[in-house]
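Asks: Quick one: the structure is below, and I'll ask about it shortly.
Laboratory data are not the source of any read-out in this text; all were calculated from the coordinates shown. These numbers were taken from a predicted model, which means no experiment stands behind them. Quick reminder, even Gly has a Cβ in these numbers, built from the backbone with ideal geometry, and neighbours come from all protein chains shown.
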Amino acid sequence: MKKVFLHTPTIRIWHWINAMLVIVLMITGIQLRVPGVKEISSGLAFLIPEYSVTVLIHIYFGYGMSLSFLFWLLYIIVSGSFRTHYIWRTADLPAMGKQGYYYLVGIFKGSENPFIPTSDGKFNPLQKIAYGFVMLVITPVMVITGILFSNIFFFRSIIDRLGGIRLLDAVHVVTSYLFLLYLILHLYMCTMSHHVFVHIKAMITGFEEIPDEFNAKQQAAEREDKCESQQ
Amino acid sequence: MPILIIIFLMLSSSVGAAVPSDDCFNCHEDFKKRTTHQNISCTACHVGINQIPHSEKLASPACNACHHKTVERYSAGIHKSKGLDCNQCHEIHGEKKGKGADCVLCHLDVSHKALPSKGKHLAALNCVACHGKLDKSGITATVTLPKGATLERKAVDRDGNGFTNPAEWHAFEAQLEKFKGYKLEKQYWAYGDHHEVMPKAADCGECHEKRTRFGGAVGRITNKTSYSVKITPSVFIPEFPSIREFPKTVHGQKGVRCNDCHTSMDKMTDKVCVRCHEQVYHTYEKSIHAKKGATSCIDCHNPHLIKTYKEFNAKERIALCSRCHKDFISRHEWLPNTTLHFDYLECTTCHSPGSEKSMVFFFADKKDNKKTALQYETIERVFGKDVHLKSIINTDMEHIVTGEEIGRFVVDLRKKIGKGIYVDAEIIVTKVHHDFSGMRLKERNCVTCHSPEAQFYSSIYLILPEKDRYIYVPVKGTPLSSYPLGLALDIYLLGEEKITKDDFYALIGKAPKDLVASAKSLGFKLIDLLGMILVILMILLLLVHAMLRIVVKQ
């Protein structure tokens, strides 16, 4: 068993703070979108805050989310993590098919994961697409529309110019559904390792455990890479 | 200048005139005692006398030789046109100096029959106030507090802007009651030239409407320290529209005549209103406003107003309440987006629980970020004279209009008038229940309004401007979710179109052909529908995936 260092302490702390923000925003967001939820789940009613309180929580956690997003953006650019982990490479295109095939078919046949995370590239092509889309498209759109809604009166002229509150609300809700879909997938995919908790552990300790057979493969891959670069 | 003339006349009488005044007094002995014009020789006015005895027929003295300006003003007045000369009012050789004739010397039996509140008017005003051309006029209210008593300036000018409005003055008067022995004197002063009496008395509107007379009022409060404040004149001279406008008012249209209400010179009380509006008054009687004696009917309802209460928009209704409840914004700071709420609601939307609230739509034009409701004149310009919008919008001639019909009409209006046309909305009371006891409600539960179950969604109207009035046309269903209106609307209500179970079941039951059309009609609701379906599918897919993984592992 070999341990690979994947996540810096900053990213780990950010990830869990961000996770907390997302969960609170999701729950309060559902109550905002479906105000009747309190009546529907009468058994849990004591857990669900007053609507006005929910609005406040959503607004302030939204501000938190905006700061969190800004911090993440600055961090991955400054630390070079964006270049290392997020930029799409030519080798990613054929690998994407293999990765998809593995998740849908290969995993049930007992084949190995074609991607081995290293500190030089911790995301497989599908992860790059998913994370890139969520963090660089969905989150900014939600953050911007959310900030506009946090003080409709103040931002009224901007809201009007962008197409009115109804349109922006639709955009905010569409992106939040996409985020929810991603979140469900993300929560499920984090169990997709040789052991259910490996990925979660990695996000806590920073090190991911990689089985020895993976190690051998990885070394072989590295050798191949070297050869290619020499040629 | 007049002094120079007098000196000149005096000199000329003693030096140049052939006949000295003393000679005249030999015959006209009575005039020797004159005090008026006593320094002027007889021949200064009675020109053409060179010797005594003089000829019998003399030219009339020309007053304008000295009183040039006065005679000029007099000539413009009614008295001159009736052939009256100066001496008919003025004793030119009189024994008392200065005083002209009193009006009542001639106008002894003036009845002033047509003058409403005759006693009040005649007691407060002099003749010139109405009949003369005025140089200056105004109202001075002098309050003399008992010795040692003090009332700060803040008592009469609460907001400290140096101007006392009616609400501030009424509150001040209430405070005055605390002091026994205070004096409040109102003086309606008018300075004009008595010589220029107008053919017709000033129109009532000059004081009560346009305020070209008595257009300013000053309050002088005297006690240990004295100070003055400017006061809105309507505090002392009530406002009413001119007689010309009265037939256009609701009362005028229903055939109410002035003296149906103005039965005496007393101040109007609720007793007058209750004769017709009995039921409403009995409801109001029990409310907090009436109980505290704070307001009578006419404090909120101006019986001379052309607009009915129904035609007031939310902003105008708020303006009415905020004359007394000035701090309404700061009192509602607990309400998120306070000012935004007050753009679309009126006070009684929340504070009159018994009233029927409705969502009302109206067409408006947005130009340079300024929103104005579309007026009948604009509609008439586009659609021709005597147009009834209802028949244009409502093509199937039903009593009710649908969201689609409104949407189509907006698209049409945009082509004809401009891109700025949109449908604005407000949530206002449409059937008033006069019990406004709903104070301190602090309805903190946003979902009371921001939910599909909100009361006003079951009562939706489209307000259309007609000639001289507005009509309320009921709107079918929940137009917010219908597609064309969704485009036209520009209202800021989040959460008005939640998907319901019924929408979902309605979709399931549809044939594939109708499914698309019916899905389209859901508008923005479709987002929730698709979102929920995708979330459920995703969970199912992952569950299957997880199960397979477990099975394969085993």
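Asks: Under 5 Å between amide hydrogens, which residues at least 5 positions from B:E196 or on another chain qualify, with H placed 1.01 Å from N in the peptide plane?
Replies: When sequence neighbours closer than 5 places are left aside, the close amide H contacts are B:K133.
Asks: Extending each Cα 7 Å along its Cβ direction at B:E239 and B:R381, get the distance between those two points in nm, one decimal.
Replies: Label-label distance for B:E239 and B:R381, simple model: 2.8 nm.
Asks: Another one. Label-point separation (nm) for A:I87 and B:K286, each offset 7 Å from Cα along Cα-to-Cβ?
Replies: 7.9
Asks: Under 5 Å between amide H atoms, partner at least 5 residues away or on a different chain: which partners does B:Y227 have, H built in plane at 1.01 Å?
Replies: Excluding prolines and chain starts, which carry no amide H, the hits are B:I221.
Asks: Work out the FRET efficiency for B:S391 and B:K416 from their Cβ-Cβ distance, taking R0 = 25 Å, and round it to the nearest 0.05.
Replies: About 0.90, to the nearest 0.05.
Asks: Compute the FRET efficiency between B:D135 and B:K431 as 1/(1 + (r/R0)^6), taking r as their Cβ-Cβ distance and R0 = 35 Å, and round to the nearest 0.05. Spell out each step's value before the answer.
Replies: Values: r = 53 Å, r/R0 = 1.50.
Once rounded, the FRET efficiency stands at 0.10.
Asks: At what distance in nm do the modelled label points of A:L185 and B:D22 sit from each other, each positioned 7 Å from its Cα along Cα→Cβ?
Replies: My value for the distance between the label points is 13.0 nm.
Asks: Continuing with this model, one more query. Using a 7 Å offset from Cα along Cα-Cβ at B:K307, what residues in region B:348-367 end up with backbone N under 15 Å from the label point?
Replies: B:362-363
Asks: Let me ask another. Of the listed pairs B:K271/B:K291; B:K366/B:K390; A:K2/A:K122, which have alpha-carbon separations greater than 20 Å here? Write down the numbers at each step before the final one.
Replies: Details: B:K271/B:K291 15 Å; B:K366/B:K390 22 Å; A:K2/A:K122 15 Å.
Beyond 20 Å between Cα atoms: B:K366/B:K390.
Asks: Could you give the length gained on full extension between B:V218 and B:N337, defined as 0.36 nm per residue of separation minus the Cα-Cα distance, in nm?
Replies: Numbers: separation 119, 0.36 × 119 = 42.84 nm, distance 3.99 nm.
Result: 38.9 nm gained on full extension.
Asks: Past 21 Å, Cα to Cα, is the threshold; run B:K367/B:K419; B:K248/B:K370; B:K315/B:K370; B:K154/B:K326; B:K385/B:K416; B:K57/B:K80 against it and keep the listed order. It would help to have the intermediate numbers written out before the result.
Replies: Values: B:K367/B:K419 9 Å; B:K248/B:K370 29 Å; B:K315/B:K370 15 Å; B:K154/B:K326 16 Å; B:K385/B:K416 16 Å; B:K57/B:K80 23 Å.
Exceeds cut-off: B:K248/B:K370; B:K57/B:K80.
Asks: Can I ask one more? So what J values fall out for region B:215-222 if you push phi through Karplus, 6.51 cos²θ - 1.76 cosθ + 1.60 with θ = phi - 60°, rounded to Hz, Gly and Pro as x?
Replies: These are the phi-based 3J(HN,Hα) values: x, x, 9, 10, x, 10, 10, 10 Hz.
Asks: Taking the alpha-carbon distance from B:K180 and a cut-off under 17 Å, which lysines remain once sequence neighbours fewer than 8 residues away in the same chain are dropped?
Replies: The reachable lysines, counting only those whose Cα sits under 17 Å from B:K180, are B:K147, B:K224.
Asks: What FRET efficiency comes out for A:I23 versus B:A373 if R0 is 45 angstrom and r is the Cβ-Cβ distance? Round to the nearest 0.05. Write down the numbers at each step before the final one.
Replies: Values: r = 45 Å, r/R0 = 1.01.
That gives a FRET efficiency of 0.50.
Asks: Now for a different question. Kindly provide the chymotrypsin sites (Phe, Trp or Tyr not before Pro) of region B:251-353 that DSSP labels as loop, not H, G, I, E or B, and whose Cβ sees at most 15 other Cβ atoms within 10 Å. Numbers along the way, then the final one.
Replies: Working: sites: B:Y281, B:Y284, B:Y309, B:F312, B:F328, B:W334, B:F342, B:Y344; in loops: B:F312, B:W334.
Passing both the DSSP loop test and the Cβ count: B:W334.
Asks: Another one. Give me the net charge of B:H251's neighbourhood, meaning all other residues with Cβ under 13 Å from the Cβ of B:H251; Lys, Arg count +1, Asp, Glu -1. Show your work: numbers first, answer last.
Replies: Values: positive: B:K248, B:K254, B:R257, B:R275, B:K307; negative: B:E245, B:D260.
So the surrounding residues net to +3.
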